[in-house]
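To start, the structure under review is shown below, and the notes come after it.
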Amino acid sequence: MGYLNFRKEYSKSNLKLGYIFIFAVEMNESLRYFVELSYDGSNYHGWQKQSNANSVQEELESALSTLFRQPIGVMGSGRTDAGVHALQQFAHFDLDIEFTSEYFLKRINGLLPPDIAIFDVFQVNEKAHARFNATFRRYEYHITFRKDPFMTGKAWHCYYDLDLEAMSKAALLLLGKQDFECFSRRKTNVKTFICEINHAYWEQTSNGLVFHIQANRFLRGMVRAIVGTLIKVGRGHLDSAGVTEIIVNKDRNLAGISAPPQGLFLSKVNYTDQINK
């Protein structure tokens, strides 16, 4: 184990400043770190790294690799779709360097684009996994009934007259452990469509609605398909019995169209003390 000589270094060839850590120690073993981050997904083709489009994962890996001067991969707690935002997301990465969080947060946020921010970093045990150890995930879907320049790209501007009572009643049918294949994106490679939804409800705001939903896991496109279906209920095109029929028949064609991505936020990811070092 040896102390690393970290300092600010300027490259004479391009005059770019490279940030290196102070008070960091090189270890003989790999350490696992969790980072808590948030992002505006408007400019990204989702969380997952792709060969032909920019992603949040790619930006995070690039910043980490630049900072530590070695290739670093990350694993997120879940994959958000293109245009979807995260108020709270977690990811883990492995590194054979121990460092202070103060310097890490200052340097890494200087390397990340303005629409991605890391709030916290902490060591976890070597078996802790950002995806598999999450006990629940929570999403919010925002709807606005009026044009609002401050909500552009952050909510669905909905022109429909909606029956909130009918939508709230239909949302209760989602609770519990059920097969939600009807709300899953087609050709999804998963072992099971079973999810356990703990809560699902609508909140009325001054100029719109927010749909809250929490589950142990979500299928690809699931929340947006649910919102689109509940909007059909609110418009009077579907009743609660119809929602039950959709779930029982497991047919995505019977459910509503997916709500636009910009209104969706991953709002919370929960872990137990099991991940602690």
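The values are calculated or read from the model by the stated rules, or taken from the named source; none is laboratory data. On a predicted model such as this, the values are computed, not experimentally measured, just so you know. When we count neighbours, we look across all protein chains shown, and the Cβ atoms used for this are built from the backbone with ideal geometry, even at glycine.
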Condition met for residue 215 (in contact (Cβ under 8 Å) with a residue 60 or more places away in the chain, buried (at least 20 other Cβ atoms within 10 Å of the Cβ) and under 25 Å from the mean Cα position of the chain (by Cα)) = yes
Output the residue which, of all residues in the stretch 93-116 that are without any contact (Cβ under 8 Å) to a residue 40 or more places away in the chain and over 20 Å from residue 57 (Cα atoms), is surrounded by the fewest Cβ atoms within 10 Å (Cβ to Cβ).
-> 102
If only one of 252, 224, 220, 186 is within 25 Å of residue 47 (Cβ to Cβ), touching a residue at least 40 places away in the same chain (Cβ under 8 Å) and surrounded by fewer than 16 Cβ atoms within 10 Å (Cβ to Cβ), which one is it?
-> 186
Using the structure shown, decide if residue 139 is farther than 30 Å from residue 35 by Cβ and either surrounded by fewer than 16 Cβ atoms within 10 Å (Cβ to Cβ) or of a type in the set (Ser, Thr, Tyr) (or both).
-> no
Kindly establish whether residue 150 is without any contact (Cβ under 8 Å) to a residue 12 or more places away in the chain and either in contact with a helix residue (DSSP H, G or I) (Cβ under 7 Å, 6 or more places away or on another chain) or within 20 Å of residue 76 (Cα to Cα) (or both).
-> no
Residue pairs meeting the criteria (Cβ under 9 Å; at least 6 apart or on separate chains; first touching a residue at least 40 places away in the same chain (Cβ under 8 Å) and under 11 Å from residue 85 (Cβ atoms), in the stretch 33-47; second of a type in the set (Lys, Arg) and part of a loop (DSSP other than H, G, I, E, B)) = 40/154; 42/154; 47/79
What do you reckon, is residue 233 β-branched (Val, Ile, Thr), under 21 Å from residue 89 (Cβ atoms) and crowded, with 21+ Cβ neighbours inside 10 Å?
-> no
Give the residue, chosen from 265, 193, that is farther than 22 Å from residue 156 by Cα and surrounded by 14 or more Cβ atoms within 10 Å (Cβ to Cβ).
-> 193
Counting just the residues of the stretch 153-173 that are touching a helix residue (DSSP H, G or I) at 6+ places or on another chain (Cβ under 7 Å) and among the small types (Gly, Ala, Ser), which one comes out nearest to residue 210 (Cα to Cα)?
-> 155
Can residue 17 be described as at pLDDT 95 or above and surrounded by fewer than 16 Cβ atoms within 10 Å (Cβ to Cβ)?
-> no
Out of all the residues in the stretch 152-172, is one or more of a type in the set (A, V, I, L, M, F, W, C), surrounded by fewer than 12 Cβ atoms within 10 Å (Cβ to Cβ) and assigned to a loop (DSSP other than H, G, I, E, B)?
-> no
Qualifying residue in the stretch 254-267 (condition: within 14 Å of the chain's Cα centre (by Cα) and part of a loop (DSSP other than H, G, I, E, B)) | no
State yes or no: is residue 211 under 19 Å from residue 160 (Cα atoms) and aromatic (Phe, Trp, Tyr)?
-> yes
Tally time: how many residues in the stretch 72-113 are over 22 Å from the mean Cα position of the chain (by Cα) and part of a loop (DSSP other than H, G, I, E, B)?
-> 2
Within the stretch 174-201, tally of residues that are in a strand (DSSP E or B), touching a helix residue (DSSP H, G or I) at 6+ places or on another chain (Cβ under 9 Å) and acidic (Asp, Glu) | 1
Flag for residue 130 being of a type in the set (Gly, Ala, Ser), outside any strand (DSSP E or B) and in contact with a Gly (Cβ under 7 Å, 6 or more places away or on another chain) = yes
